[in-house]
Amino acid sequence: MVYVMLQKEWTDGSGVTHLAGDSVDVDAATLAALQAQGIVSEQAGSGGGGGKDGSEWVGPGGTEWVGPGSTKP
């Protein structure tokens with residue numbers, strides 16, 4: 001399974017709609033299908049973190065994370 005951020009709205013196989021910007025956990029086959037449809041995109045660099053070099057992870061523990069557990073307002 002791979003955790004990815006959606007670039008566009010997507011309805012999964014269970015009928016649950018996920019909005020652009022949502023992060024979802026998908027298997028490799030679903031990831032490939034989503035990439036082919038432009039719903040998710042490859043991140044530059046090997047880190048897969050969203051920065052130009054792939055190093056800027058914005059999930060939990062990242063310096064720009066503003067979700068649960070964040071110390072930012």
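Only the coordinates and a few stated rules stand behind these numbers; no lab work does. On a predicted model such as this, the values are computed, not experimentally measured, just so you know. So basically every Cβ, Gly included, is an ideal-geometry build from the backbone, and we count neighbours across all protein chains shown.
Could you check the simple spin-label distance between S23 and Q35, using points 7 Å along Cα→Cβ, in nm with one decimal?
Taking the simple label geometry, S23 and Q35 are separated by 1.9 nm.
Rank-order 8-19, 24-35 by packing density, defined as the average count of other C-beta atoms within 10 Å over each peptide's residues, highest first.
Most protected by this proxy first, the peptides run 24-35, 8-19.
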